[in-house]
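Data block below; observations after.
The values are calculated or read from the model by the stated rules, or taken from the named source; none is laboratory data. Bear in mind that the values here come from a model prediction, so they are computed numbers and not experimental data. Note that we place each Cβ from the backbone using ideal geometry, even for glycine, and neighbour counts take in every protein chain shown.
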Amino acid sequence: MVAFAMRGSVCSVALLAAALLAVAPSVVVAASCAAGSFSPNGQAPCTPCALGTFQPDAGQTSCRAAQAGWSASGTGPGGSGAKAQTICKEGTFATKEGSAACTPCPAGSYCNGEGCTWPTPCPPGYFSDTPGAGQMCKACPKGTFQANHGATSCCLCCSGFYNDQTSQTHCFQCPVRGASSPAGATASKQCSSKPNGGLPTCTESSLGTCPKTGGSPTHAPAARRRNMKRDVCPGGTKSCPLYGSTSGRGFLKGYECVDVEHDLESCGGCVLNDSPFGQPAPDGGRDCSAIPFVHDVRCAGGACVVDKCRDGYVPAADKGSCVAKIEADRPTAVWRVQF
């Protein structure tokens, strides 16, 4: 027991405080974890928030995962210790929670506004030839067209056709059927006045292959239509439909047997033009070559396997896509830093 004569002396008060600290050290409170870190009880020793997570408040027992359309990285080792999440800027996206960085929208798509969770494929008549498109894709110029979604370029109008408008999904046939015109013609006046080798059709394939633009005679007899028969395919292959179009109308051309176990553009099932960015088509197939940022990819056992990605990206853990390198490098070990 410590006793003092208290006579209003400042020195007496100071002595009393020192004595209390000496006999009762338990009253000293441990330091709380700073924002950007956590511990089981919210007090030191603390751990920085891992890459892709953040914590804006002090004295916390866990960190929060960045929401989809946002990312989180701090100034600590390897990007740890984030105090806040950052919304993805226009032209970038983050598909899942816990992203360490936002990914530029791949060519053939755009990310309209901030906080995008998935890129939007360019609509027919538009294209994007570089990653990171923001508000909208570019319009196909006069003399060109684009019939598919997710295009990175436009096709030239064929001989016998022209296009005097932008953002078109097809070209217009010359006034005189069979008349020729220079490839990429932008006006009907560029067409010849009589048949002289213009092409009868000018259509893009469902896989995005542009048509040949040169002229050819148009007086050959028309092919006779026949009923389409779906043949039985050998084991390991699948019967997939083939479509064409004429005068702006689609039609079934026939069927082909596809090795969906190994075919790069129809991996796991039939694929037409409904697998933008390598997403599964309704039949379950994927166009492995359309996976964003891929460099080397193959179809093995009906599944896309990414072996190598473009610079700045690495194969995801499941080998089914490419992810930004900063996210793939997210450490599994937990740093413990004393605060």
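Count, please, the residues in region 186-198 that happen to be touching a strand residue (DSSP E or B) at 6+ places or on another chain (Cβ under 8 Å) and within 13 Å of Phe172 (Cβ to Cβ). Selection size over region 186-198: 6. Annotation for region 68-78: at least one member residue is in contact with a helix residue (DSSP H, G or I) (Cβ under 6 Å, 6 or more places away or on another chain), closer than 23 Å to Val323 by Cβ and modelled with pLDDT under 95.
Within region 128-166, track down each residue that is part of a loop (DSSP other than H, G, I, E, B), of a type in the set (S, T, N, Q) and buried (at least 18 other Cβ atoms within 10 Å of the Cβ). Residues satisfying the conditions are Ser128, Gln146, Asn148, Ser159, Asn163. Inspect region 66-78 for any residue being free of Cβ contacts under 8 Å to residues at least 12 places away in the same chain and either polar (S, T, N, Q) or part of a loop (DSSP other than H, G, I, E, B) (or both) and give the result as yes or no. So far as region 66-78 goes, yes, one or more of its residues are free of Cβ contacts under 8 Å to residues at least 12 places away in the same chain and either polar (S, T, N, Q) or part of a loop (DSSP other than H, G, I, E, B) (or both). Of the residues contained in region 226-245, none is found to be touching a helix residue (DSSP H, G or I) at 6+ places or on another chain (Cβ under 6 Å), surrounded by 15 or more Cβ atoms within 10 Å (Cβ to Cβ) and either modelled with pLDDT of 85 or more or not in a loop (DSSP other than H, G, I, E, B) (or both).
Determine whether region 183-193 contains at least one residue that is in the same structural domain as Asp129 (by TED's automatic domain parsing), out of contact with any helix residue (DSSP H, G or I) (no Cβ under 7 Å at 6 or more places or on another chain) and among the β-branched types (Val, Ile, Thr). The answer is yes; a qualifying residue exists. Pairs are defined by a Cβ separation below 6 Å, a sequence spacing of at least 6 or placement on different chains, a first member in region 100-127 that is in the same structural domain as Gly76 (by TED's automatic domain parsing) and buried (at least 24 other Cβ atoms within 10 Å of the Cβ), and a second member that is of a type in the set (Phe, Trp, Tyr) and assigned to a loop (DSSP other than H, G, I, E, B); no pair meets this definition. In region 288-339, the qualifying residues are those that are closer than 20 Å to Ala68 by Cα, touching a strand residue (DSSP E or B) at 6+ places or on another chain (Cβ under 8 Å) and part of a helix (DSSP H, G or I), and the one that is modelled with the highest pLDDT is Lys325.
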